[in-house]
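**Student:** Submitted below is the structure of interest, expressed as structure tokens.
The values are calculated or read from the model by the stated rules, or taken from the named source; none is laboratory data. Since we're looking at a predicted model, the values are computed, not measured. Note: ideal-geometry Cβ built from the backbone for every residue, glycine included; neighbour counts use all protein chains shown.
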Amino acid sequence: MRKYLSAVLILVSFGLLLVPTTMGYNPGMDGGLNTGVAGSGCTCHGLQTEGVVPNLLMVGENVTITEGNTYTLEISFTGGPVVSGENQGGFLIDVDSGSMGAPGTDVLAQGSEATHSEVGNDQRSWQIEWTAGSLDVAEFTLRTNSVNGDAQASDDDDWNMATFYLTSDGSITQTLIEPEARLEVPDWTMSAIIGGCILLMAIMVMVGMSKKPRGRRGET
């Protein structure tokens, strides 16, 4: 009986180890402010999709970029799921030259990065301030997250990322970052794998317990 109970406890413990965690990532997007690395995207919100198009525009006309001056940039995106609730989307942007600033409460900025605040996820466009650095061409990497408003990080949300190059004459060119190849599997796949492993281990344990040790020759 003790051997049987021990085997059951081992199986339960093994199953718990295989169960994936459902806790959300605290900073929101992968990486986030003050991490040293802005991250690779909104990995908790579905897959990267070309249906979401990030946009970065310079506010104002005939703008010439001068080192040390501060400029206003507008971030937005199109595409993604239909909004059914209050939350609409978010963003994370970083730049290789200069620094970011937050002109309003809907944006958080630190160093070379900026993202939406808690109150800033109820919209799909934002404005940020950028103080120009010494490079003639500043490279911005923008990640935008389009959510359906159900307050759940799930595959029902879509996101995408793009690189923007801002030159000294104020012009911006865009290059979309291709999604990584991903194998799409049904939601029940992990549960099936876990159940199969537990069942296999249970069979092995039962077979092992059913085998009785053979006595030595001559013993009665």
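**Student:** Those residues that are within 16 Å of THR115 (Cα to Cα) and either in contact with a Ser or Thr (Cβ under 7 Å, 6 or more places away or on another chain) or not aliphatic (A, V, I, L, M) (or both), I need them from region 132-149; list them, please.
**Tutor:** Those that are within 16 Å of THR115 (Cα to Cα) and either in contact with a Ser or Thr (Cβ under 7 Å, 6 or more places away or on another chain) or not aliphatic (A, V, I, L, M) (or both): PHE140, THR141, ARG143, THR144, ASN145, SER146.
**Student:** To continue, here is another question. Return the only residue of MET209, MET190, MET161, MET204 being among the hydrophobic types (A, V, I, L, M, F, W, C) and at pLDDT 75 or above.
**Tutor:** Unique residue meeting the criteria: MET161.
**Student:** Only one of these is closer than 19 Å to PRO54 by Cα and either at pLDDT below 95 or surrounded by fewer than 19 Cβ atoms within 10 Å (Cβ to Cβ) (or both): THR144, THR131. Name it.
**Tutor:** THR144
**Student:** Of all residues in region 79-107, how many are touching a residue at least 40 places away in the same chain (Cβ under 8 Å) and more than 18 Å from the chain's Cα centre (by Cα)?
**Tutor:** 9
**Student:** Test of understanding: among LEU47, LEU92, which residue is modelled with pLDDT under 80 and aliphatic (A, V, I, L, M)?
**Tutor:** Being modelled with pLDDT under 80 and aliphatic (A, V, I, L, M) holds for just one of LEU47, LEU92, which is LEU47.
**Student:** So is ILE198 in contact with a helix residue (DSSP H, G or I) (Cβ under 6 Å, 6 or more places away or on another chain) and at pLDDT 75 or above or not?
**Tutor:** yes
**Student:** A further question on this structure: Which is on the phi < 0 side of the Ramachandran plot, touching a residue at least 40 places away in the same chain (Cβ under 8 Å) and surrounded by fewer than 18 Cβ atoms within 10 Å (Cβ to Cβ), of SER125, SER117?
**Tutor:** Of SER125, SER117, the one residue that is on the phi < 0 side of the Ramachandran plot, touching a residue at least 40 places away in the same chain (Cβ under 8 Å) and surrounded by fewer than 18 Cβ atoms within 10 Å (Cβ to Cβ) is SER125.
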